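The values are calculated or read from the model by the stated rules, or taken from the named source; none is laboratory data. Because the structure is a prediction, the values reported are computed rather than measured. FYI the Cβ positions are ideal-geometry reconstructions off the backbone, even for glycines, and counts take in every protein chain you see.
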Amino acid sequence: MPDKPDKMHKVAAFYQFLPLPDAAGMVEPYRAFCARLDLRGTMLIAPEGINGTLAGPPAAIDEFAAALQDGRVVAPAFTRLELKFSTAETAHFDRLKIRLKREIITFGQDECDPLRQVGTYVSAQDWNALITDPEVVVVDTRNDFEVSMGRFQGAVNPGLTSFSEFADFVEQRLSNRQKTKIAMYCTGGIRCEKASSYMLAKGFSEIYHLRGGILRYLEDIPEAESLWQGDCFVFDRRVALGHGLVAHPEAIVPGVPVDKT
């Protein structure tokens, strides 16, 4: 009788803003490399950097992460990669997609340039002290349905249906708060890179954001010390994650697109 297959795969969620003048030339080398490793999921490559979530056998994911960081597939090396690991079932993704994009997270504002300036990073360990300061306004940069599943207590919900609407939220609801301390967060950190860059360009003076996002916080902060309430939505078959990055697939949100690639 054959051995029961190991159903647990390793998941890598990653991004880095880095100028990539030959972004188009990186697509095929990474597609071939990931296919050889039998990885599945999505990787976006744009002139401003990379962003993705890939899953596969643990050794293969480790090899992929090392290759990103040392540039062995194609230059450059992503030496400041924001990288988080978790686990999932084998069926986490169905196929591999490596895509060339204009932006690695769509925002569409020329004033926004994370390669030039971003807000002040705050570690998960320092986040609680920041957001409990009564002088700080906490802003959730995610979409409305994501906020409905979980949030930090007291955070402002911009009511977004897409991240590209965040600029309108700033104009309509924060335009008179440019001297206010603002702390923002998102799932993995990437949306806050763009949101903070945009707000600094618009004259805001004190912008802070959670390094590694909610996922890093849920991974690093014990539940007994946590100020997070609810689940963190993820765009894949795990649906939502809780403390310790434990999957809560029962947390179904009707009508929300889940990336099954």
(1) farther than 30 Å from A183 by Cβ; (2) exposed (fewer than 13 other Cβ atoms within 10 Å of the Cβ); (3) of a type in the set (S, T, Y) all hold for Y30 apart from (2)
Going through (1) over 20 Å from the mean Cα position of the chain (by Cα); (2) buried (at least 19 other Cβ atoms within 10 Å of the Cβ) one by one, D168 fails only at (2)
Filtering segment 179-194 down to residues that are surrounded by 14 or more Cβ atoms within 10 Å (Cβ to Cβ) and assigned to a loop (DSSP other than H, G, I, E, B) yields T180, C186, T187, G188, G189
Of the residues in segment 92-147, those that are farther than 24 Å from D220 by Cα and among the hydrophobic types (A, V, I, L, M, F, W, C) come to F93, L96, I98, L100, I104, I105, F107, C112, L115, F145
Scanning segment 145-174 for residues that are in contact with a strand residue (DSSP E or B) (Cβ under 8 Å, 6 or more places away or on another chain) and among the small types (G, A, S) gives G150, G154, A155, S162
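Given the structure, is P29 modelled with pLDDT of 95 or more, outside any strand (DSSP E or B) and within 21 Å of the chain's Cα centre (by Cα)?
Numbers: modelled with pLDDT of 95 or more: yes; outside any strand (DSSP E or B): yes; within 21 Å of the chain's Cα centre (by Cα): no.
Answer is no for this residue.
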Examine segment 184-195 for a residue that is farther than 12 Å from G119 by Cα and modelled with pLDDT under 95, and state whether such a residue exists. yes
